[in-house]
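Please treat every number below as a calculation from the coordinates, not as lab data. Only a predicted model underlies this, so the values are computations on that prediction, with no experimental measurement involved. All Cβ positions, even for glycine, are placed from backbone atoms using ideal geometry, and neighbour counts span all protein chains on display.
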Amino acid sequence: MSKTRKMLVSGAGIGVFTLAWMCLLMLGCGSTATAQVEPGQAMPDFKLKDLNGKEHSLADYKGKIVVIEFCSHNCPYSRGTDPQLIALAEKYADKGVVVIGIDSNTPNDVESIKKYAEEKGKKYPILKDVDNVYADKVGATRTPEVFVIDKEGKVAYHGAFDDRKNPEKPGETPYVENAVKALLDGKPVETPTAKAWGCTIKRK
Amino acid sequence: MTFTTRKFGWFALAGIVSVLPVFSCSAQPPTPEELKNAKVETITVASVEQKLKEGNGKVVVVNLWATWCPPCRAELPDLNAFYKEADKDKIAFLSLSVDDAEEQEKTVRPFVAKQHLAFPVYVLKDPDLDELSKKLGVELDGAIPTTIVYNREGKPSKPWVGGISKKELEDLVKQNL
């Protein structure tokens, strides 16, 4: 391939990538998820790959309490919950609690998610939901958006991580940790849903 | 370098330069003049109803956003262009920010100033989702940006969740004019 041709091809590649990225950034997405899984209902199963290509399914974690957070390293509100989520994962790991991150944002590629996760020391699995198929299935619309699933595979809590008003300041009520504690103690979850602001999941 | 390559090089450079404002809009702090001209006000959720009523007889566009939300920031140039061209006798625009109201002078005002937003931005104190949903007459799930268009009788459209382009907003408004 001549030097000129190589430059043309790489230039075109950059142009196409830039345009595609800008379109995604500028347009976001006007579509919304439809069916929303609510507390008491069975959490639909998934088969999604982690950042190293290993496939995970919800069925793999049967008998455990599972915390699923729809996340995005490009959303400050989602990033803001990471220190508390990492701490929660470590605190309850030996009590049979599993934390899983799911990134359904179309513009977020595996490499950038992996780089961020390594920088932040995220040790729990982060799964890439290609084409937001699973987000659509459970009706997830924003990041962060959390589902806490009990040992029987039913949703025990759905909503905000906590009641923060500022992306970087933890809220006063840790909804997710409260739900986990209640499940571990065999008590009902006092607040099974809590709405909160978050960044729209950028869909396909 | 051949003529074609050179031409493409200029094209690529122009492309990159055109993208730069998206990344660098907050690189330089706003000037005192820009800060002074920024129309930012803090309001309670209770007063949102009144703000909606002020648009009685007009099509009202409500946009919910925050400075920390990337897709919200991305759609603002389109919303700004829409507002500047809109017939203000027929269309009202209500921009509601869910940023932390206590920190709005450090976050929202500089952002609005730098973006030269022509419309006033109202920062909500304690934006409780259920309360705000009641005031706006729609079911909000917390995902932003969200845009709602009210027809001249005050009936809301289904909330548009996610970024909206100028063309998409114009089409929504036309359906309600």
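Brief remarks follow.
- Using the Cβ-Cβ distance between B:Ala81 and B:Arg152 with R0 set to 25 Å, the FRET efficiency works out to roughly 0.60.
- Rounded to the nearest 20 debye, the dipole size of region B:77-177 about its Cα centre is 480 debye, using +1 on the Cβ of Lys and Arg and -1 on the Cβ of Asp and Glu.
- Counting neighbouring Cβ atoms within 10 Å and putting the fewest first, the residues B:Arg109, A:Arg142 line up as B:Arg109, A:Arg142.
- Cα gyration tensor shape of region B:94-177, rounded if a/c is under 1.5, else prolate or oblate by comparing a/b with b/c: oblate
- Computed over region B:39-129, the convex hull of the alpha-carbon atoms projects to a mean area of 5.6 nm².
- Ascending count of other beta-carbon atoms within 10 Å, so fewest first, for B:Lys90, B:Lys114: B:Lys90, B:Lys114
- Cβ-derived FRET efficiency at R0 30 Å, A:Ala93 paired with B:Lys53, nearest 0.05: 0.05
- FRET efficiency for A:Lys204 and A:Lys64, using Cβ-Cβ distance with R0 set to 25 Å, rounded to 0.05: 0.25
- Shielding score for B:143-152, defined as the mean number of other chain Cβ atoms within 10 Å: 3
- Overall form of region A:136-204: oblate. Here a/c, set by the Cα gyration tensor axes a ≥ b ≥ c, is 1.5 or more, and a/b is not larger than b/c.
- Residue mean of other protein chain beta carbons inside 10 Å, A:69-75: 1
- Ignoring aspartates and glutamates fewer than eight residues from B:Lys167 along the same chain, the ones with Cα atoms less than 14 angstrom from its Cα are B:Glu75, B:Asp78, B:Glu85.
- Cross-linked pairs A:Lys128/A:Lys202; B:Lys39/B:Lys134; A:Lys95/A:Lys187: Cα-Cα separations exceed 19 Å for B:Lys39/B:Lys134.
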